[in-house]
Every structure is written in C-alpha cells, then in structure tokens.
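Each remark here refers to the structure printed beneath this line.
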Amino acid sequence: MRLYRRAVVAMGISLLVAFTAIFIVQTRQYNLLTQSLRFSEDNGPWSCFQLESETMRMAEALRDESTHETPDLERIKLRCDILVSRIDILDAFQQAPKARPLAPHYQKMFSRLHGLVVEIDRLTSGSLDAPALRREMDKVAHGLDDLGEVLHDFSLESQQHEAERVGAHNDNIRRQIFWGLLLTIFQCALSLTLALVVYRQFSTLSKRQRELQTLAGSLEIASTEAQQANRSKSEFLANMSHEIRTPMNGVIGMIEAILDTDLSAAQRRHAQIAKSSGEALLTLLNDILDFSKIEAGKLSLESIDFDLTRLVDDVAATFATRADNKKIELICSVAPGVPARLRGDPGRVRQILNNLVGNAIKFTHEGEVTVLVSADTVDAGTATLRFRVRDTGIGIPLEKQDKLFGKFIQVDASNTRKYGGTGLGLAISKQLAELMGGAIGLESKPNAGSEFWFTARLTRSPETTPARAPARLPGQLRALVVDDHPKVREMLVARLIRAGALADEAASGAAALASLHAAVSEGRPFTLALIDLNMPTMDGATLGWAIRSDPALAATRLVALASTEEATSPERFQPIGFCGYVTKPVRQSDFIESLVSLIDSRAPAPRPSAGGTHSTPLRTQMSGVRADARLLLVEDNPTNQIVALDLLAKLGLTVDAADNGQEALRRLTHTPYDLVLMDVQMPETDGFEACRRIRSLDTPVLNRNVPIIAMTAHAMQGDLERCLEAGMNDHVTKPISRQALVDALLRWLPKQEPATV
C-alpha cells in the first residue's frame with residue numbers, strides 16, 4: 001500500500017513537470033510565430049529590390065527628359081521623392097538587429113545613395129541652364145546605373161542572408177513542434193496511466209465498500225449477539241446473586257443468632273471469624289456486581305441527605321477491630337469548615353472509603369492509618385470535598401502506580417502473593433469518584449507509606465430545621481490528653497480546644513504525672529484526663545492507679561481511651577476509678593457530648609460512650625411500634641425463614657409464616673395483617689405476582705393496602721424499580737442487615753398510640 005501511494009505521487013509529479021515543459025515549448029512556438037508574422041514588416045531584401053527598381057525608373061526618367069528641349073523638373077522631383085522614401089524604408093530596416101550582419105554593405109550603399117541624393121537635389125534646384133541641366137542629368141543617370149548594380153549585388157547578398165535566417169528559424173520551429181509533440185505524447189501516456197490508477201483505486205474502493213457493507217452486516221449480527229450475551233450475563237449475574245445471597249443470608253443470620261446466645265470465649269471467637277468470612281464473601285460479591293453494572297453503564301447514584309461526620313465515624317468503627325488486631329492506630333478527622341449536612345450517595349462515599357481504609361490497614365504492619373476530610377471548594381449550593389487516607393505501610397513502586405486503578409490489577413499478582421483481593425476495588429472506586437464529579441489518585445514510595453485521595457462534588461443539604469449548636473465543655477475546663485501517639489494527641493487536643501477547653505498533652509505516663517502535679521502546684525489542676533490504656537512502659541491502667549493513689553490528684557476525673565476489645569471488658573479498668581471510656585478511634589460526631597455526659601455523671605462506674613460499639617437492644621428499638629402489630633413472613637427457603645422468624649421474635653413482634661405467594665394470599669384473605677415481608681423469588685407464585693394480586697381491585701384479601709416490604713437477593717439495578725412497580729412499598733436486600741430491617745419496619749408498622757389521661 002505504501003509503494004502504491006509512492007507510485008501515485010511520482011506520477012503526479014511527472015505530470016506536473018510535463019505540463020510545465022509543454023507550457024514552455026508552446027510559449028516558445030508562440031514567440032517564433034510572432035517573429036514570422038513580422039518578417040513582412042521589416043523585410044530588408046524586398047525593400048532593397050524596390051529601391052533598385054526605383055533607381056532604374058529614375059535613370060530612365062532622367063534620360064527621357066534630357067532629350068526634351070525643356071526638361072520636366074516636376075517629374076524628376078516626383079521620382080526623386082519616391083526614391084528618397086524607398087531609401088528611408090531601407091534605412092529603417094538597417095536599424096533592426098537582424099540587419100547587423102549586412103552592416104558593411106549598408107554603409108557602402110548608403111554613402112553612394114546620399115551622394116546621388118545631393119546631386120539630384122542640385123539638379124532639381126532650378127539654378128542650372130539647359131545645357132548644364134542636360135549634362136547633370138546624364139551624370140546622375142550614369143550614377144544611378146552604377147548604384148543599380150550595387151543595389152543588385154546587395155539585394156542578392158541580403159536575400160542569401162535572409163534565406164539562411166529563415167532556414168534557421170524554420171529549423172527551430174520544427175524542433176519546437178517535435179518536442180511539443182513528444183511532451184504531448186508523454187502527457188497522454190501519464191494521463192492514461194493516472195486514469196488506470198484512478199480506475200484501479202475506484203475498483204479497490206468499491207471492493208472495500210462492499211467488504212465494509214458485508215462487515216457492517218456481520219457487526220450488526222455480532223452486536224445483536226453481544227447484546228443478547230450481555231443480557232444473558234446480566235441475567236446470569238442476577239440469578240447467581242440470588243443463589244449466593246440466599247444461603248449467605250442463612251449463614252450470616254444463623255451466626256448472628258448464635259452470637260446472641262451464651263458462648264464461651266473460643267466459641268464466640270470462632271463464630272465471629274465465620275461471620276467475618278461471610279461478610280468478606282458478601283463484599284466480594286458486591287464488587288463483582290458493581291463491576292458488572294459499571295461495564296453495562298447501569299451504575300447510578302442515589303441523592304439523599306446524610307451526615308458526613310457520622311459517615312466517617314461509622315467507617316472508622318467498621319475497621320476499629322481490624323486495626324486493633326494489628327496494633328495500628330486508626331485516626332479519623334473532618335476539618336473545620338466542612339459542611340456536615342450533605343446530599344448525595346452516602347453508600348458510594350462509604351464504599352470508596354471502606355476500600356481505601358481496608359487496603360491501608362491490610363498493607364500496614366505498624367504505625368497508623370489516618371482518614372482526613374477537607375473542603376476544596378464550598379459555595380451556597382455545593383461542596384467539593386477531598387478525602388485522604390494515609391498509612392505508614394509498605395508503599396507502592398512508582399512503575400506500578402499508573403496501573404493500580406485498572407481492572408483486576410494487583411501490586412503483587414504472583415502465585416505466592418501475601419495479600420488477597422480481586423483487584424476490582426480501586427477500579428470501582430475510580431468509577432464511583434468520577435460519577436460523583438471528582439477524581440482519585442495516590443502518592444506513594446516503597447517502604448514509606450501511601451496516601452490515597454479522592455474528591456467528590458456533593459450538594460449541600462438545605463437546613464429544614466435550625467442547626468443544633470455544637471456541644472461545649474464547661475468554661476475554663478482543663479483537660480490532659482495522654483497518648484503515646486502524637487497524631488492522636490494532636491487531634492484530640494484540637495477538638496477539646498474547639499469545644500472551649502484548655503487542653504494539654506502528654507506522651508507517656510511519667511510525663512502525665514509530672515503535668516498533673518505541676519498543674520496542682522500552680523493551683524490550676526486538670527479537671528479531666530483522657531488516658532490511652534495501651535501505652536508502652538506505663539500503660540493506662542497503671543497510670544490510673546497512680547493517679548487514684550495520690551490524694552493531690554483526686555479531683556481529676558479519668559476517662560479511658562479504650563480499644564474495641566478493651567471496651568468489651570470494662571471490669572479491667574472499672575475498679576481503678578475511671579468515670580467512663582471512649583472507644584478508639586474516637587468518633588468526632590459525638591465525642592464532646594460523651595465527655596459532657598461523663599463529666600456531669602457523679603457515678604464512677606464506666607458507661608459506654610457514643611464511640612463504643614454497643615448497640616441498642618433490638619426489642620428497645622421497636623418500642624414505638626404498636627404492641628399488637630401482626631406480620632406475615634412469606635419465604636420459601638426454610639433456613640432463611642428460621643433466620644427471619646428468630647430476628648422478628650427478638651424484636652418482640654408477632655409473626656406468621658407462609659412458604660409461597662399462593663399460601664400468603666390465602667392467609668391475607670382470612671387475617672388482617674399489618675405488614676407483609678415478601679420474598680421475591682418463590683415457586684408457584686413469586687413475590688411480584690403475589691403483590692399484584694394483593695393490590696388488584698378484585699382481590700379477596702382483607703386489606704389490599706397492607707404495607708409490603710420485599711426481601712430480595714437480587715441486587716442488580718432495576719430490582720427496586722420492579723418491586724415498586726409491582727406495588728411493594730419498600731425492600732431490604734439479602735443477606736438481611738438487622739438495622740436495615742429494623743429501619744424498614746419502623747417506617748411501615750403502625751405506631752403506638754400516645755397514652756391519654
């Protein structure tokens with residue numbers, strides 16, 4: 001193809017050269033033709049011949065007049081004027097360039113002509129008498145005869161020269177015609193060749209067009225097949241999601257039921273490991289489903305109001321135990337000035353943070369993982385936030401950083417890799433960040449830690465109610481933060497100062513005792529001491545005993561900074577005299593409120609703060625629901641039915657069970673249930689069809705408007721829309737989260753009527 005193009009270019013250049021040469025030759029021919037046309041205008045030989053003839057006539061006229069008695073001078077003058085005019089014509093030709101070769105002949109001829117013209121002038125002057133006039137006329141006649149011979153010789157010479165010049169001129173014309181003909185033939189040959197090339201190119205293009213049309217038809221068929229394959233893949237993923245989530249719901253639900261019973265320490269540890277493994281499998285399934293949604297372009301974002309600070313605190317609480325197990329400090333902080341109330345998709349923000357924090361903890365063996373949230377830009381309607389996750393882990397080589405956000409990419413993909421994972425988390429995070437109008441990136445050096453960041457553009461939530469004033473500590477309260485980790489001390493001191501306290505810090509137990517005694521000696525003792533229980537040399541418990549054993553320090557109230565594991569065993573530090581504890585990582589959303597509550601409490605017994613992991617008892621969460629509320633659970637899977645019934649029983653609810661949609665319709669015909677929990681995929685009559693029959697105008701059920709909550713193991717986009725279109729009010733996804741189910745029930749179950757007096 002390249003050689004073919006070069007040939008076409010060469011032919012084009014050749015044609016251009018040929019056209020230029022033909023133009024030059026034709027211009028030359030035009031000039032020669034112009035010269036040929038001018039031969040008649042400046043033909044010297046012809047003028048010389050005319051002059052010779054005129055001299056002969058002049059001589060005859062003189063001889064004729066000499067025989068007369070009285071010569072006719074007027075006739076002689078007329079002939080003389082004609083002769084002079086012929087001389088002038090010949091004299092003009094003498095100036096032409098072509099007459100230069102005959103210049104000596106012209107000079108000889110004109111010298112004699114001029115002499116004769118003088119004698120003729122004297123002859124015609126009228127001053128001569130008759131005899132003298134006749135003599136002079138004879139003399140001039142003889143001179144004209146002699147001049148005629150000279151003119152005859154000059155005419156012959158001039159004709160010979162002109163013949164040579166015309167021959168050369170004709171030869172030149174013949175050569176120009178030959179070259180013009182040759183170039184025309186060459187031009188015709190090139191034009192014919194170019195025409196053949198163009199024809200071949202046209203034929204090739206026509207052939208390619210036919211091939212493209214055939215290929216387009218094949219591509220259309222392939223596109224149809226690909227769309228069908230994509231639909232099949234989506235259906236397969238949806239079915240696999242359902243088939244996997246259904247037994248996982250049973251596994252995780254039964255493990256949670258086991259954890260609610262009395263277990264030995266080993267049994268509880270084994271059950272927690274099994275639950276964590278199930279949740280890890282669920283995370284893997286969610287990643288694959290998200291990846292499939294992204295590939296199909298069907299991943300969409302929610303737009304709901306949420307509290308950013310609580311979201312970050314929840315992420316920290318999720319990974320607190322994992323960080324404790326690796327002896328890593330997990331620190332979370334939202335910078336001042338960042339709007340707390342926002343509107344967007346908190347689930348996707350949490351998903352990115354979970355991925356980045358999980359990776360940071362996975363690849364960090366000592367040190368800390370820090371989550372920082374700041375605002376890039378904030379205006380009246382929107383806020384662009386920057387989330388940073390720093391770690392002191394193994395770092396990432398520079399040559400692998402660019403590929404890290406690709407699909408199925410891992411820093412170590414060898415068979416002996418130390419860290420697991422699908423390699424999808426960062427690719428999904430990148431897509432989610434871009435969907436939220438932001439970006440994602442990292443800075444890292446091997447063995448020097450990493451910092452992953454992402455930005456998100458979120459809408460500021462309108463304030464429908466007056467904002468609650470942030471909690472403040474009592475005026476002039478002095479607080480001492482005791483922690484061996486400098487970043488934890490820095491964060492807590494900053495929060496205490498913003499809350500109105502006078503805060504100081506100590507890096508060890510010894511330094512804390514020195515600061516406490518110095519404050520007492522100055523008459524300004526510390527009101528509060530926040531003490532990390534896990535410190536080297538002198539741990540928090542030892543420091544607490546030392547403070548409580550010193551009467552001078554008795555006025556200082558002690559608050560433990562406890563890990564999640566230490567918070568489950570308060571008997572370790574309760575006898576020491578701690579008035580309470582705050583679980584690390586410290587929750588920014590209600591840290592100050594917890595301290596205010598602990599300070600106001602007079603009881604020395606420890607109480608869980610908002611930073612703890614203790615949850616409100618399930619039955620207590622349902623206290624606002626009407627006591628006689630009755631539910632119908634429609635579930636065909638026996639294991640999932642047992643899990644759901646056990647959970648609903650713990651919520652204190654009255655529940656009946658149906659194995660399929662047909663049985664549910666029969667029960668609803670006889671019993672006015674307050675709410676239906678409906679599985680979607682069931683034999684005989686599935687949840688969608690059962691719901692449509694319940695909502696139909698001619699339904700036999702007692703309450704066609706009964707709230708219906710779908711319980712679905714389908715997690716693909718469109719599943720919620722299908723549930724709503726079928727007439728369902730809400731849905732929860734399997735494996736069922738206890739809190740998600742409780743929230744849905746609280747939304748739709750009838751409320752307890754207020755007591756009347």
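Here, each number is a calculation from the coordinates, and none is a lab measurement. Note that the structure is predicted; figures quoted are calculated from it, not measured.
Remarks
- With coordinates expressed along the principal axes, the C-alpha atoms belonging to segment 145-196 extend over 75, 9, 5 Å, beginning with the largest.
- At full extension, Arg457 and Leu301 could sit 54.9 nm farther apart than now, given 0.36 nm per residue minus the alpha carbon distance.
- Viscosity 0.692 mPa s, temperature 37 °C, Stokes-Einstein D of segment 651-745 from Kirkwood C-alpha radius, µm²/s: 243
- Remark on segment 613-704: hydrodynamic radius 14.0 angstrom, per the Kirkwood mean of 1/r across alpha carbon pairs.
- Under a 5 Å amide H cut-off, with hydrogens placed 1.01 Å from N, Thr382 pairs with Arg460 among residues at least 5 apart or on other chains.
- Calculated over segment 490-545: convex hull of Cα atoms, volume per residue (Å³): 82
- With a threshold of 23 Å on the Cα-Cα distance, the over-threshold entries among Lys327/Lys734; Lys403/Lys734; Lys362/Lys734; Lys362/Lys400 are Lys327/Lys734; Lys403/Lys734; Lys362/Lys734.
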